[in-house]
Amino acid sequence: MSTPDLQTGPDVSTTSAPSPTPPPPAAAVGGAKPRRRGGKATGPRYPAWLAAPLLTYYLVIFVAPLLLLVAFALATQADSFAGEQYAFGFNLSNFEAVFDGLYLDVFVQTFLLAAGGTLATVLVGFPLAYWMARHVSSKRKMLVVLLVMIPFWTSFLIRTFAWKLILDGNGAFAGALGIDILYTWKAILIGLVYGYLPLFVLPVYASLERMDWTLVDGAKDLGATPWRAFRQITLPLTRPGIMAGTLLVFIPMAGEYVIPQMLGGGRFLFIGSVIQGQFIGASNWPFGSAVSIALMLILSAFVVLYVVSALKEEQFGE
Amino acid sequence: MSVETEFDVRFRGVTKRFGGVVAVDDLDLDVRKGEFLSLLGSSGCGKTTSLRMIAGFEQPTSGSILIGDDDAVGVPPYRRDVNTVFQHYALFPHMTVLDNVAYGLKQRGVEKAERRKRAQAALDLVHLEGREGRKPRELSGGQQQRVALARALVMEPRVLLLDEPLGALDQQLRKDMQVELKRIQQEVGITFVYVTHDQGEAMSMSDRIAVMCNGKIEQLDAPEVVYDRPSSAFVAGFIGEMNTMAGTVRGVSGGVATIDVASGTVAAPVDGVHPSGDVLVGIRPEKVRVVADLDGPNRVAATVVTRLQLGSQIQLVAEMADGTTLTAVVPRAGTDADVDDLVPGDHIHLSWSASAPILLAA
């Protein structure tokens, strides 16, 4: 459900740290074929129709379903057992039901676990990305990046199921170690971190790769301890990558329903599970749609707050 | 001044290996208090590694380094009383010029008003008033270079290390900055250790030059001594131009050695050790003159091969009877006979003063 918000991630990551050398004059290429006069001559011009496939895709895959979702969310579920009937209209009662006490708790629980999962991903992923960028020889870097991505070659479902076997207190592994955390929030957290780690590591690794490490030498030369050099130089300069990474994991985590179902044993309801239940179990599409839209709006609000606060910090942190 | 504090940096038998490669080889070096010392050499000679060992970014494989009277081996960069002007400046792109310059003082815990004041004074010293609020990328290369200098100078270090700081600037700016750097060094009285591959830079600014090759110092002397009395053919070739002729010492008498070379005999002044056997005789091109005839000592006949206009001077490459060549750089409107009219193929006579030939180890 949160797919549209994913668009924010790559957008953020493109605002890279400024390089010490000015960019080459891109106008040199564009000037070769001045199709149109005026405007910003900042690059080669392409005919507008090249955007058509993307635009079509965007309309069909994103805009149309979103409009459909809004239409369903405003519809009324017909109260008959003679098959699913919807009365389309402008009915806000579905949204009122979303913010009823019961579902509010689910929202809070979802965001707490997603936030916890994101934090844990940062704690595991940042050192990994840092190690990859700074301490792996350039010959082995591609291999390590590949290793980070390899889990993606197996179905997400199968990998999550594998964790169920690993964490099962009666199973061979966790049983032997005396660990019994399956069907607890800890198991969900482990599943979340495992499932989304590469999505955080890769953008952060990319921004650390672009980092000019002589700046850290410069800071140390001026008396900064390694920790202060990290906090005052490395962290602010790789912030775009870290922001992209956290958004890339937080947003899908908040919409997650496979991991809480399999590793939480249904005891920890995620808002994603509620949505799934409404569409598949209860067959209440209007309510499911309303919950989806609420999730999207709340996530969007989170993202805006996050981006604004991060940018503000950059301005005043100088 | 006591003996202990006469030097700001002392290397004793310092060796640095990277894997199997020896970057710095059993190096001894004393940097005098307040001097402008250049480490001069081509890339891979160990000059930058030596600088990074003073800064603390590299640790020697063996040997000892003293900064002041303190053993510096194992001390991290942030606890050393030295600061560096980096080759590409390493200015913090997310901070303003003023914050860049105040950064080191902030690490020292200097309070805000004070560090502003001192950063401002450092910016005034390098003539960057009015640029405090800019970001580094909004400045020109020369201005960025000044910010880097101010950022290091504001720390009032015992030694300022400069790693080819003028390398990225264009010709005219380099010339201006050489004058500027020397002025600043004399004004603040801080010891400068300057790494460069540009002999012109080293000559114009340094009190002493250490010419490095293969991780060792070939010669460490005042610029004019390095130029006039190079200790080896390598130094002679690295600093300025040098005609060299291989020969054999025939005899030494009265402080003058007579050497048989391919084109005849050359007399060279001797100081100190008496040479013998195979040697190299060097003559600077600007000490070679065009003369009217062969009447007198130190004169040879030659044929002009190439003539190169250098502006106020002319460079002549002339071939002697045996086929070896001699390069002369002569003033255009000087006393030399009609050099302006010379063309390749002309027969000329060349001469040099008795003190011009330099004996070098073969």
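What to note about this one:
- Taking the numbered list (1) in a strand (DSSP E or B); (2) buried (at least 18 other Cβ atoms within 10 Å of the Cβ) in turn, residue B:356 passes all entries but (1).
- If you go through segment B:77-97 and pick out every residue that is surrounded by fewer than 21 Cβ atoms within 10 Å (Cβ to Cβ), more than 7 Å from every other protein chain (Cβ to nearest Cβ) and more than 28 Å from the chain's Cα centre (by Cα), you end up with 1.
- Test: residue in segment A:287-294 that is of a type in the set (Phe, Trp, Tyr) and under 27 Å from residue A:167 (Cα atoms): no
- Being in contact (Cβ under 8 Å) with a residue 12 or more places away in the chain and either within 21 Å of residue B:123 (Cβ to Cβ) or among the hydrophobic types (A, V, I, L, M, F, W, C) (or both) is a description that does not apply to residue B:167.
- Some residue of segment B:270-282 being free of Cβ contacts under 8 Å to residues at least 12 places away in the same chain, of a type in the set (A, V, I, L, M, F, W, C) and part of a strand (DSSP E or B): no
- Checking every residue in segment B:109-127 against the condition of being free of Cβ contacts under 8 Å to residues at least 60 places away in the same chain, within 8 Å of chain A (Cβ to nearest Cβ) and over 19 Å from residue B:184 (Cβ atoms) gives zero matches.
- Residue within segment B:227-235 that is buried (at least 21 other Cβ atoms within 10 Å of the Cβ) and closer than 24 Å to residue B:48 by Cα present: yes
- Residues (part of a loop (DSSP other than H, G, I, E, B) and basic (Lys, Arg)) located in segment B:303-353: B:332
- Which listed residue is under 30 Å from residue A:71 (Cβ atoms) and among the aromatic types (Phe, Trp, Tyr), from A:126, A:111: A:111
- Segment A:101-140, residues that are in contact (Cβ under 8 Å) with a residue 24 or more places away in the chain, under 22 Å from residue A:240 (Cβ atoms) and not aliphatic (A, V, I, L, M): A:117, A:118, A:121, A:125, A:126, A:130, A:134
- Lone unmet requirement of (1) closer than 21 Å to residue B:327 by Cβ; (2) of a type in the set (S, T, N, Q); (3) outside any strand (DSSP E or B) for residue B:265: (3)
- Residue list for segment A:109-155, filter: small (Gly, Ala, Ser) and buried (at least 16 other Cβ atoms within 10 Å of the Cβ): A:114, A:116, A:117, A:120, A:125, A:129, A:133
- Applying the condition of being among the charged types (D, E, K, R) and more than 14 Å from chain B (Cβ to nearest Cβ) to segment A:203-261 and asking which residue is surrounded by the most Cβ atoms within 10 Å (Cβ to Cβ) yields A:256.
- If only residues of segment B:60-72 that are buried (at least 16 other Cβ atoms within 10 Å of the Cβ) and either among the acidic types (Asp, Glu) or part of a loop (DSSP other than H, G, I, E, B) (or both) are counted, the one that is modelled with the lowest pLDDT is B:68.
The values are calculated or read from the model by the stated rules, or taken from the named source; none is laboratory data. This one's a predicted model, so the numbers in the text were calculated from it and none came from an experiment. Using ideal geometry, Cβ is built from the backbone for each residue, glycine included, and neighbour counts are taken over all protein chains shown.
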